[in-house]
Amino acid sequence: MRTHLVAGNWKMHTHPNEGLDLVHEILGGLGEAKAEVWVFPPATHLSLLAEPLAQSPVKLGAQNAAAAAQGAYTGELSVSMLKACGAQGLLVGHSERRQLFGETGKVLNQKLERCLEQALTPFLCVGETLAERESGNHMEVVRNQIEEAIEGFELHALDALVIAYEPVWAIGTGQTASPFQAQEMHAFIRRVWAKKFGESSAEHLRILYGGSVKPENAAELFGQTDIDGGLIGGASLKAADFLRIVHAKPQV
Ligand code: PGA
């Protein structure tokens, strides 16, 4: 059985005190959540949020880290620094990092390695652009993104890895992939994994959907066989919306 997982990616939103308020509101409404819940605030908030979250089931992650372990990289933050500030997981390869900051498969492979060295849970984000979907290459693109990122790793190292399928055309656009489109890609990702690492490992792999998930569409998306939860951007910034998504009952 795969534990359902809902994660909030705050991107470059909120100041530290607003982040603290948001976390308190989330904790206040969490109740008996069945889902594993994560928040990915800006790195400046990690130390501040680590304390209230340490007393809770909600896990804390970072949105990005340097590909190098340490050194002369002005402005960068290493995975071990983020871990020291409380991060337990790391987003790797979010499409905004790929598109706006030119992160390539090779760089993401290195980031994943840093993450695994420090025993952080990696959330590998993959997804095609609209042009790639329209040209019919979307499955190929996603398979390549996965293969490039995990190249050279043994299965045991990837045990905790979570994949987030986020079609670029659905991120922040209000245009969600249909449950059918999402399920089709998730099933494909699971097949790719099974081919590489075997059926039983593929059965354990958690694959999240991201891209305009809202309280209104979460239940239907989460009801799909191969969708194990969501990576939520915009709707994770309002505690009430995020909590409705956390509590959404998968609609089968
Ligand atoms: P969105 O973002 O929910 O605002 O579309 C999702 C993401 O980028 O992780």
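Restricted to Cα atoms, the range 18-246 shows a radius of gyration and a Dmax of 16.9, 48 angstrom. Accessible surface computed residue by residue for the range 1-112, with neighbouring protein chains in place and a 1.4 Å probe, gives 51 Å² per residue.
Solvent exposure of the range 130-169, expressed per residue, is 49 Å² of accessible area, with all protein chains present and a 1.4 angstrom probe. Between Gly230, Gly29, Gly93, the GNM of the chain built on Cα springs shorter than 10 angstrom shows Gly29 fluctuating the most. For the range 18-246, lysine pairs with C-alpha atoms less than 15 angstrom apart, excluding pairs fewer than eight positions apart on the same chain, total 4. Taking the protein heavy atoms of the chain in the context of the full set of protein chains, the accessible area attributed to carbon and sulfur is 51 percent at 1.4 Å. Modelled spin labels at Ala33 and Thr74, positioned 7 Å past Cα toward Cβ, are 4.0 nm from each other. Each peptide in 85-92, 140-147, 69-76, 239-246 receives the mean, over its residues, of other Cβ atoms within 10 Å, and ordering these scores from highest gives 85-92, 239-246, 140-147, 69-76.
From helices alone, the chain scores -12500 deg cm²/dmol at 222 nm; the rule is -39500 (n - 2.57) for each run of n ≥ 4 DSSP H residues, then divide by the residue total.
Here each label is just a point 7 Å from Cα along the line to Cβ, and for Arg2 and Thr44 those points are 3.6 nm apart.
The length gained on full extension between Ala240 and Ser201, counted as 0.36 nm times the residue separation minus their Cα-Cα distance, comes to 10.6 nm. Summing charges over neighbours of Val58, with a neighbour being any other residue whose Cβ is under 15 Å away from its Cβ, gives -3 when K and R count +1 and D and E count -1.
3J(HN,Hα) along the range 54-61, derived from phi through the Karplus expression 6.51 cos²θ - 1.76 cosθ + 1.60 where θ = phi - 60°, amounts to 4, 8, 9, x, 6, 9, 10, x Hz, with x in place of Gly and Pro.
Residue ranking by accessible heavy-atom surface, 1.4 Å probe, largest first, among Met1, Met139 comes out as Met1, Met139. Here the simple spin-label model places points 7 Å from the Cα toward Cβ, and for Asp159 and Glu216 these points are separated by 4.3 nm. A cut-off of 5 Å between modelled amide H atoms, ignoring neighbours fewer than 5 places along the same chain, links Ala62 with Gln88, Gly89, Leu90, Leu91. Rolling a 1.4 Å probe across all protein chains gives His13 an accessible area of roughly 90 Å². Placing +1 on each Lys and Arg Cβ and -1 on each Asp and Glu Cβ, with no other charges, gives the range 35-123 a dipole about its Cα centre of roughly 140 debye. Legend: calculated FRET efficiency, Ser56 to Glu140, from the Cβ-Cβ distance at R0 = 30 Å, rounded to 0.05, equals 0.15. Heavy-atom accessible area with a 1.4 Å probe sorts Lys11, Lys249, largest first, into Lys249, Lys11. Distant-in-sequence amide contacts of Ser78, defined by a placed amide H-H separation under 5 Å and a gap of 5 or more residues or a different chain, comprise Ala66.
The values are calculated or read from the model by the stated rules, or taken from the named source; none is laboratory data. What you are looking at is a predicted structure, and each value in this text was computed from that prediction instead of being measured. Ideal geometry is used to build each Cβ from the backbone, glycine not excepted, and the neighbour counts take in all protein chains shown. When the accessible area is computed, the model is the full protein with side chains, heavy atoms only, and any ligands, DNA or RNA have been set aside. Shrake-Rupley method; radii C 1.70, N 1.55, O 1.52, S 1.80 Å.
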